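Right, one structure below, let's go through it.
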Amino acid sequence: MNKVAMVIEELHRSENDLASELLQISDRHKVDHEIYYLGRDLARWSQQHVTELAHVGRDYDLDMDAEPDKDPNILAQLRQKGSELLGRHHAPSLLLLRDLREIHRKAAGVSLDWEILAQSAQALNDRELLAATKRCHPQTLRQLRWANAKLKEIAAQAIVTA
């Protein structure tokens, strides 16, 4: 496998992971309508990126699933339910803060991978791959900015209030 194929494959995995994480926090924080609905919309972007990467990956002899992962991590759901049953409840604002930090961290990694792929596409003069990066990377940057803005919005309240 060549190096560009490795980057595409890693980005495919990371986008799937980001979509799954967005869906999980959306489900975990249903009472916050912005988190619920916007989280699902942002997850769809990553799911579209998974499909796009599977398509461009064929040019690099990759056979990746064009269908994004649908189910959030069942193990994480079981762990959370187990904690609830054992009485380990955390303040919802702290859970949201933790979840948004995770989204921000994952989106930042995905953004860096898109940047690496774009630079590689330019060096290889691969117009199709470069076009894919130009379509997808701006959406990832918007996911990152959303997570950052929400973190700024809730951080002080989550930390300072009881």
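Throughout, read-outs are computed from the coordinates displayed, never taken from laboratory work. Quick caveat, the model's predicted, so the values are computed rather than measured. Every residue, glycine among them, receives a Cβ derived from its backbone with ideal geometry; neighbour counts consider all protein chains shown.
Measure off 7 Å from each Cα along the Cα-to-Cβ vector at Leu141 and Arg44, then give the distance between these two points in nanometres to one decimal.
2.3
Assuming a strict under-30 Å limit between Cα atoms, what lysine pair count do you get for the chain once near-sequence pairs (fewer than 8 apart, same chain) are dropped?
Close lysine pairs under the 30 Å cut-off: 21.
To the nearest 500 deg cm²/dmol, what mean residue ellipticity at 222 nm is calculated for the chain from DSSP H runs of n ≥ 4 alone, each contributing -39,500 (n - 2.57), summed and divided by the residues?
Dividing the helical sum by the residues of the chain leaves -28500 deg cm²/dmol.
Can you give the Kirkwood hydrodynamic radius for the chain, in Å, rounded to one decimal and based on Cα pairs?
After inverting the mean inverse Cα-Cα distance, the result is 16.7 Å.
Would you please state which residues of segment 28-63 a label at Asn125 would reach in this model, taking the label point 7 Å out along Cα→Cβ and a backbone N cut-off of under 15 Å?
none
Where is the GNM fluctuation largest for the chain (alpha-carbon springs, 10 angstrom cutoff): Val56, Val31, Val110?
Comparing Val56, Val31, Val110 in a Gaussian network model of the chain, the most mobile one is Val31.
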